[in-house]
Each structure stands twice: as structure tokens, then as C-alpha cells.
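Beneath this line is the structure, given in C-alpha cells, with notes to follow.
The values are calculated or read from the model by the stated rules, or taken from the named source; none is laboratory data. Remember, it's a predicted structure, so these values are computed and weren't measured experimentally. Here Cβ is always computed from backbone atoms with ideal geometry, including for glycine, and neighbour counts include all displayed protein chains.
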């Protein structure tokens, strides 16, 4: 369907070297978008961009630290230079951070999580939005989390950042609703990504699976399906919303 086709549009996806970001980048590329695959890991970014090109799509790898405002400005300029304009953006890059109670939480860990998971989304939109206005409009999806609406023990910085992403998304959506830019957030449950596999053993992952009424954790492709819908013209009346992909985790 034409309204699911991103041909002629340029997209930025941050944290696109693996996991959710990689799945989104691949789906956008398969649907015709010119994808700027951004990640701190240049090898991973190159690999995902190469996969998109091999499948007949358009993609360029870019290295950018989302916690650096100037780096995000340069990333947007790269998208405009490579694709002619910026139409779509997915602010996905994030980290888990330390696992400690609030009274013991390391302040340097707090700053790092907030810098990447919240400030990084702001820095992204701060430069994506002017470029989209120049292009006549666009769509942004910010990847939040189920922890953008509920709490979780020993993850105060992550929970605070993701709640902030949901609020920031709503504010931006209101500000640009009449200027052709839609802004939504997506709240994944626990997903099969390197963020989990590198930090948790199988018993812990099984425990997280049991927390979801569907009895499993999700896949990156399931998050990508919703994200790409929200970026598409089929979601033309959807903005300022927070959409869950969580196997009913938050309904309990």
C-alpha cells in the first residue's frame, strides 16, 4: 500500500546497530526509506547499513553520541546531505544503567543514564524538528519503555528518563501539531536485545518472561512493526500518544 511506502523519504534511527533500532532501520529500508543508521559502534552500524543495501535499499552508517548536542546536529546535517531532507526520525538509543536503590544509586551512573536516555532524545528532536519543518513536515517516534508509565525496583534513573521521554513527546506533539510534524512514543516491554542478553543470565530472562501475561519477552520486530506504522501516513491522525508493546505487562 502506498501509505506504507517510505520511498523518497530520509530517516534517522539512533542506536540502530543492534536490537530494536536495527529492526526498525531494516524495516524502513525495506519499505523504501533512505536510512541513516546511527550507532556508537561503527562496526554494527556498518553491518546494518550494509544489510539494507544488500537487500536493495538505501542506507548510510553514521557514528553519533546522542548525549552530545553537537553530534546530533551533525547527524541531522548528514541526513540532509545524504538524502536531501529529513522526514522521519526514531530516537531509540539508550542504556540500562546501574542496578541500585535510590539511596545507593551512583550519581555518575544517574547522569549517564539521563544524558543518553532523556537528554539524547531532546538533542535529537532539537535538531530533527527544524530540518523536518524545512522539508514540509515529518514524523518522530521516541522509544520509551513500559517504565515510562510504571516503576521498577533498582532502576530509578532509567524509570525517570523514560517517564521524561513520554512527557517530552507530548509537549513536542502539541507544539508542532499544526506544522505537519507528528511525535509519538512507544513503550516496549522487555525485548530480546543485547541490552538484556549481555546483562542477564537465562534464569533472569526466564523470570522477566514470566512477568508478561503472554509468557514471553518480545522481539525487536514486534516493536518495529508498531514504530513503522506510527511513522507512516496510516497514522496521520495519531500524535502525542504513548503506545505500549508489552504483552500485557502494564495491565496487571
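So here's what we get for this one:
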item: Test: residue in segment 168-181 that is modelled with pLDDT of 95 or more, crowded, with 24+ Cβ neighbours inside 10 Å and within 27 Å of residue 217 (Cβ to Cβ); result: yes
item: Count of residues meeting criterion [crowded, with 23+ Cβ neighbours inside 10 Å, touching a strand residue (DSSP E or B) at 6+ places or on another chain (Cβ under 6 Å) and more than 20 Å from residue 67 (Cβ to Cβ)] in segment 26-54; result: 8
item: Residue tally, condition assigned to a loop (DSSP other than H, G, I, E, B) and at negative phi, over segment 49-63; result: 3
item: Qualifying residue in segment 64-82 (condition: outside any helix (DSSP H, G or I) and either over 19 Å from residue 122 (Cα atoms) or touching a residue at least 60 places away in the same chain (Cβ under 8 Å) (or both)); result: no
item: Segment 233-242 - residue that is under 30 Å from residue 209 (Cβ atoms) and surrounded by fewer than 18 Cβ atoms within 10 Å (Cβ to Cβ) and, of those, nearest to the chain's Cα centre (by Cα); result: 242
item: Criterion (surrounded by 24 or more Cβ atoms within 10 Å (Cβ to Cβ), assigned to a loop (DSSP other than H, G, I, E, B) and in contact with a strand residue (DSSP E or B) (Cβ under 9 Å, 6 or more places away or on another chain)) met by exactly one of 11, 16; result: 16
item: Among residues of segment 210-222, those that are under 22 Å from the mean Cα position of the chain (by Cα), farther than 16 Å from residue 29 by Cβ and part of a helix (DSSP H, G or I), counted; result: 1
item: Of all residues making up segment 19-48, the number that are within 16 Å of residue 194 (Cα to Cα) and not in a helix (DSSP H, G or I); result: 3
item: Options 116, 146; residue that is in contact with a strand residue (DSSP E or B) (Cβ under 6 Å, 6 or more places away or on another chain), buried (at least 18 other Cβ atoms within 10 Å of the Cβ) and within 25 Å of residue 200 (Cβ to Cβ); result: 146
item: Every pair of residues 6+ apart whose Cβ atoms lie under 8 Å, when the first sits in segment 1-27 and is on the phi > 0 side of the Ramachandran plot and at pLDDT 95 or above while the second is part of a loop (DSSP other than H, G, I, E, B) and crowded, with 24+ Cβ neighbours inside 10 Å; result: 15/39; 15/66; 15/92; 15/93; 15/94
item: Test for residue 50: is it out of contact with any helix residue (DSSP H, G or I) (no Cβ under 6 Å at 6 or more places or on another chain), free of Cβ contacts under 8 Å to residues at least 24 places away in the same chain and more than 20 Å from residue 220 (Cβ to Cβ); result: no
item: Close pairs (9 angstrom Cβ cut-off, 6 or more residues apart or separate chains): closer than 17 Å to residue 94 by Cβ in segment 182-204, surrounded by fewer than 22 Cβ atoms within 10 Å (Cβ to Cβ) and at pLDDT below 80 anywhere; result: 190/196
item: Qualifying residues in segment 173-209 (those that are within 18 Å of the chain's Cα centre (by Cα) and assigned to a loop (DSSP other than H, G, I, E, B)) - the one nearest to residue 99 (Cα to Cα); result: 190
